[in-house]
Amino acid sequence: MFDPVELLSQPVTFPFSGRTAKNRFLKSAMSERLATFSTFDPYGRGQPTEELVRLYETWAKGDIGIIVTGNIQIKKDHLEATGNTIIDRDLPSNYLQEWAEVARAAKSQGSLVIGQVNHPGRQVSINIQPYPEAPSDVEQPSTGGVLFGRPTPLTKEGIKDIVHRFAYAASVLHSAGFDGIQLHVAHGYLLSQFLARRTNTRNDEYGGSLVNRAQILLEIIAAIRQEVQSPSFIISVKLNSQDFIPEGLSAEESIMVATLLESAGVDFIEVSGGAYEQTTRSPRDKVMLFFIPRSNLELTPSDCKPYTVETREGYFLDYAELLRPHLNLSKIVVTGGFQTAQGMADAVSQGAADMIGLARPLTAEPFLVRDILRGEKKKAKGDKFPESPMLRFVASEAQIAEIGNGQDISNFDNQFHVARFIAKMQKEIPAAISEALFS
Ligand SMILES: Cc1cc2nc3c(=O)[nH]c(=O)nc-3n(C[C@H](O)[C@H](O)[C@H](O)COP(=O)(O)O)c2cc1C
């Protein structure tokens, strides 16, 4: 019998950068939406604020091995959400000083800090960007009252420009003191769109075979290496285990992509899954997204083991177990659904995960990891929400804003806080979205 705390306290050293995380925990990316935003002036956007610094100062005190920021956009008018942070060479400033403040705050207690960088592609509300760009002109179906514009396929010059923008963002993060970058290749955003046949119908060198569909990703990694000369700069990827939609990335394809990433020198692959488009399918599928309950998972690789995991935590552990023998060097981080120290330690001891990624538990309890490692807690706080993944998402978003503003964090394990939050949401958000959230 092993001691979960001892196992989870172990440091993890990365194969390519040689950097070491102080323990096996990673705070997974969560879009903070705490940057400046102006609707009419695209130049008045994306600047990290003091709220953002306070947020990372708080997580730093939580003794987390690696802290990954929420997704940072590379184009000022292609945003995942209003209030996103942006590193765009077309803005008057790269906000280097502000990013240095964020890095200082996040690293103040010895965590490694990594900036997650993203382009939403077609997955951007029509209210933010009616003319999205994507690998192909395959429109995203409306989801939960959110409408999406028909995307314009990227030209080859457009793709090259995007490659250089990712590399530029890496160089700014490196100069600001970040320990590494994470490419967002999950949840249906641009790089995910390139990987999936469903959204990539190109017939040039960026479409067709899986290797072609992964080409942009490999070019970005090569461009980052060129731009950031330091070998100790961590390059990581958040990758969908599968998209869970027809002609989306399959688990088998995802494993092949992971091996390409290892060959390209990616230190760790953070495993997630799903895309917003899923939520447009059947009412049952509404509970999917990346908060997918394990009982809904279907793995497709030919060497898939029989399905046995109802009681185990971690939505994507089965996939991680399949992936493990295909990787010799890159570390595996598994994110999604972890609740108990025992469940997290089991995922490590059984060989599926090198590190455990946590998102929502760390908005409710920013010091959860510290408390687990001190042996003071064995389990994340529960909540009293009705079954609604979108509601849980906005609840975490609200907690992020509370931490950033220095306010008390809402306790959603309390029925009264939950009722008050739902009532507030019903007042504040348009009917279509409200239906999607509460139905
Ligand atoms: C408010 C919120 C914002 C999120 N933003 C991002 C993001 O910017 N990038 C990303 O890769 N995942 C994002 N996620 C997904 C989480 O990183 C994570 O994969 C998911 O919440 C499952 O982990 P959990 O069960 O520990 O919450 C977000 C999740 C939440 C709740």
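Points worth noting:
- For the stretch 228-276, filtering for residues that are in a loop (DSSP other than H, G, I, E, B), aliphatic (A, V, I, L, M) and surrounded by fewer than 22 Cβ atoms within 10 Å (Cβ to Cβ) leaves 3.
- Some residue of the stretch 91-106 being surrounded by 21 or more Cβ atoms within 10 Å (Cβ to Cβ), within 16 Å of the ligand (Cβ to nearest atom) and in a loop (DSSP other than H, G, I, E, B): no
- Test: Leu358 is closer than 25 Å to Ser236 by Cβ and within 12 Å of the ligand (Cβ to nearest atom): yes
- Residues (among the β-branched types (Val, Ile, Thr) and outside any loop (DSSP other than H, G, I, E, B)) located in the stretch 70-90: Ile72, Ile86
- Hits in the stretch 192-216 - residues which are of a type outside the set (S, T, N, Q), within 19 Å of Ser272 (Cβ to Cβ) and not in a helix (DSSP H, G or I): Ala196, Arg198, Ala214
- Being within 16 Å of the ligand (Cβ to nearest atom) and within 26 Å of His417 (Cα to Cα) is true of Val369.
- Filtered residue count, the stretch 258-286, keeping only those that are in contact with a helix residue (DSSP H, G or I) (Cβ under 6 Å, 6 or more places away or on another chain), more than 20 Å from Glu80 (Cα to Cα) and at pLDDT below 85: 2
- First in the stretch 330-341 and within 26 Å of Ala264 (Cα to Cα), second anywhere and within 6 Å of the ligand (Cβ to nearest atom) and assigned to a loop (DSSP other than H, G, I, E, B), Cβ under 7 Å, 6 or more apart: Thr335/Ser28; Thr335/Ala359
- The lone criterion from (1) part of a helix (DSSP H, G or I); (2) away from the ligand (no atom under 12 Å from the Cβ); (3) under 17 Å from Gly65 (Cα atoms) left unmet by Gly375 is number (1).
To keep it simple, each residue is scored yes or no on (1) in contact with a Leu (Cβ under 8 Å, 6 or more places away or on another chain); (2) over 22 Å from Pro151 (Cβ atoms).
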| site | (1), (2) |
| --- | --- |
| Thr58 | no, yes |
| Ile67 | yes, yes |
| His78 | no, no |
| Leu96 | no, yes |
| Pro132 | no, no |
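- For the stretch 242-257, the set of residues classified as modelled with pLDDT of 95 or more and either touching a helix residue (DSSP H, G or I) at 6+ places or on another chain (Cβ under 7 Å) or not small (Gly, Ala, Ser) (or both) consists of Leu249, Ala251, Glu252, Glu253, Ile255, Met256, Val257, listed by residue number.
- Inside the stretch 326-349, residues that are more than 14 Å from Val12 (Cβ to Cβ) and touching a Gly at 6+ places or on another chain (Cβ under 6 Å) make up a count of 3.
- Considering residues of the stretch 340-355 that are within 20 Å of Trp59 (Cβ to Cβ) and in contact with a strand residue (DSSP E or B) (Cβ under 6 Å, 6 or more places away or on another chain) only, the residue surrounded by the most Cβ atoms within 10 Å (Cβ to Cβ): Met344
- Residues within the stretch 154-187 that are over 20 Å from Asn94 (Cα atoms), crowded, with 16+ Cβ neighbours inside 10 Å and away from the ligand (no atom under 16 Å from the Cβ), tallied: 2
- Scanning the stretch 133-158 for residues that are outside any loop (DSSP other than H, G, I, E, B) and within 17 Å of Asn203 (Cβ to Cβ) yields Ala134, Thr152, Pro153, Lys156, Gly158.
- Total residues in the stretch 1-40 satisfying the condition of being modelled with pLDDT under 95 and either touching a helix residue (DSSP H, G or I) at 6+ places or on another chain (Cβ under 8 Å) or under 15 Å from Ala341 (Cα atoms) (or both): the figure is 3.
- Candidate set: the stretch 109-142, residues that are more than 16 Å from the ligand (Cβ to nearest atom) and closer than 20 Å to Leu217 by Cβ; chosen: the one surrounded by the most Cβ atoms within 10 Å (Cβ to Cβ): Ala134
- Being modelled with pLDDT of 95 or more, part of a loop (DSSP other than H, G, I, E, B), within 15 Å of Gln73 (Cα to Cα) and not polar (S, T, N, Q) holds for only one residue in Pro130, Pro120, and it is Pro120.
- Selection status of Gly70, modelled with pLDDT of 95 or more, within 13 Å of the ligand (Cβ to nearest atom) and surrounded by fewer than 24 Cβ atoms within 10 Å (Cβ to Cβ): no
The values are calculated or read from the model by the stated rules, or taken from the named source; none is laboratory data. Keep in mind that what you see is a predicted model, and the values were worked out from it rather than measured. In this analysis, Cβ positions are derived from the backbone assuming ideal geometry, glycine residues included, and neighbour counts consider all displayed protein chains.
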